[in-house]
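Computed from the coordinates by the stated procedures, all read-outs in this text should not be read as laboratory data. Computed from a predicted structure; not experimentally measured. Neighbour counts run over all protein chains shown; Cβ positions are idealised from the backbone, glycine included.
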């Protein structure tokens, strides 16, 4: 194993940075071995396509009744301070602090009736569609890992699944863990100083070649001791692993400075400051996601801000909603302008909703009974609202939609039938990608 150094002010005594480094031969990018990733991808090509998904996770649980399901006929302690505005689709209204999305409603599917959540601050349901309980050995895999397993990469110099989320202080918000699919399908996570992670630093091409030769020699020695042939063919995958690290394709995709400054300004900056115990509002992550799927990455996930507003709900919403509106709205516009929207599915959602009644601190508490989601692109039938809640915004009274139906829809848009396709757990038992009976959302396909 060797380390490619990045630049950092904090280094160990041997000069290696405390962070911003890549390792080959053991756990590498995002906790996965490059060669494992490549072997798995080569062995599991099924239904490969140029379709992609961008998932925006809103940690903490966004207030559906203050964003896309305002209840103006409810009592004051329910309806809150915000007013609805008309969208470009007759009859559909959303919050006044989401004006850009209002102008793009014809490209949106607004789900007001997500049900089946648990009162848990964790990303698990959004990433897998399943409850984090009664897990098979190794745990349920995230959708991005499943796509890595089934479809692999569109380009050998790219990862199939990229997680842009920083490490959040509330541990269950974090995702990108190895499941029963193994480390080979853990996402590439270019957290921290992204470009530094991909720079050779003090390692010259000659030193890289020397170390590559050393690794090859070690692997040949290990192969000589391997009685069951498990090392067979390892050299070719090591070769491709080096190709990824020495290719400029991923580095170029991660370099938003190559974009037109006017487009970057359209996305906005947000703030680099951590929000609560979750994520910053980094608007350029949305642009980065577009660049990654344009380069050929199949699934990109990101975490945006902190939505657990038990107090000062409306004050905090006035800070968050405009930035979110600018970032998501520009992403949809940009994908459309690039001719990518039909091939890219965008989903934004959180782990649950908020209480109908505003508490004594001016906030809304946890409410797993119903929440919302925004979807765009993917060739779906947009310009519609799916589902409805009661007068108080507390219960789904029309067309309840489950997390697994949303996940099944994402798989469908990637060309995979989630109810008939299986993956094997650590015991060799096959599992369908969604539970029996869950289908893509019929109104969208």
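If you stretched the chain out fully between residue 103 and residue 388, how much longer would it get, using 0.36 nm times the residue separation minus the C-alpha to C-alpha distance?
100.5 nm
Quick one: if you take sqrt(5λ) for each eigenvalue of the C-alpha gyration tensor of region 304-353, what semi-axes come out, biggest first, whole angstrom?
Working from the Cα gyration tensor, I get semi-axes of 27, 13, 5 Å.
For the pair residue 381/residue 318, report the inter-label distance in nm, with labels modelled 7 Å from Cα in the Cβ direction.
If labels sit at residue 381 and residue 318, their model points lie 4.1 nm apart.
Sticking to Cα atoms, compute the Rg of region 338-389 to one decimal and its Dmax as the biggest Cα-Cα distance, whole number, in Å.
15.3, 48
Return 52, 165 ranked ascending by Cβ neighbour count within 10 Å, so the fewest neighbours appear first.
Neighbour counts put them in this order, fewest first: 165, 52.
So how do 102-110, 437-445, 140-148, 349-357 stack up, highest first, on mean other-Cβ count within 10 Å?
Descending mean neighbour count gives 140-148, 349-357, 102-110, 437-445.
Post the alpha-carbon centroid distance, region 72-86 to region 366-402, in whole angstrom.
With region 72-86 and region 366-402 each reduced to a Cα centre, they are spaced 18 Å.
Of all the Cα-Cα pairs you can form in region 291-445, what percent are over 25 Å apart?
43 percent
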